[in-house]
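Only the coordinates and a few stated rules stand behind these numbers; no lab work does. Note that the coordinates shown come from a computational prediction; the quantities given were computed from them, not determined experimentally. Virtual Cβ from ideal backbone geometry, glycine too; neighbours counted across all protein chains shown.
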């Protein structure tokens, strides 16, 4: 009887821990910060900060306009700031076993307006994402990328 109770307790503990992790994951993987600026000024501030860190702005996509153009309706402004740093990208993509990470490239920071009229910055937790992959991805994303990305958005709280 004691062993049965122990096994039930262990299984229940594992399930509860897994469930809690699953529920907490979105809040850990994606971070949101309020910007003191409007959408366009926030995008420009991120652009300047990224360039100062040696990154390239691949493009800024006005996704709200694309959605409307293709029949999805009106949205407040949503901009996707796509950034790349060649050395970091090379270090991740040079290995055949890490090329799959290219689905997350370039790095993207979103800038959007909510119904409260305020502007927000959304970013992936690059450090945590890197740790999930391990190896060179953890070294690059968990190290330089995470630190530099934080410098891009350090004005937002």
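Results, tabulated for the structure shown:
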{"read-out": "Cα centroid of segment 105-157 to Cα centroid of segment 34-64, whole Å", "value": "13 Å"}
{"read-out": "Ranked list, fewest to most other Cβ atoms within 10 Å of each Cβ, for 37, 120, 112", "value": "37, 120, 112"}
{"read-out": "Inter-probe distance in nm under a simple model that places probes 7 Å from Cα toward Cβ, at residue 75 and residue 99", "value": "3.1 nm"}
{"read-out": "Zone residues, segment 120-157, relative to residue 51, backbone N less than 13 Å from point 7 Å out along Cα-to-Cβ", "value": "none"}
{"read-out": "Listed values [x] 175; [y] 104; [z] 580, entry calculated as volume of the Cα convex hull per residue in Å³", "value": "[x]"}
{"read-out": "By average C-beta atoms within 10 angstrom, highest first, the peptides 128-138, 42-52", "value": "42-52, 128-138"}
{"read-out": "Order of 88, 70 under a 10 Å beta carbon neighbour criterion, fewest first", "value": "70, 88"}
{"read-out": "Helix-only [θ]222 nm of the chain, DSSP H runs n ≥ 4, -39500 (n - 2.57) each, per residue, nearest 500", "value": "-15000 deg cm²/dmol"}
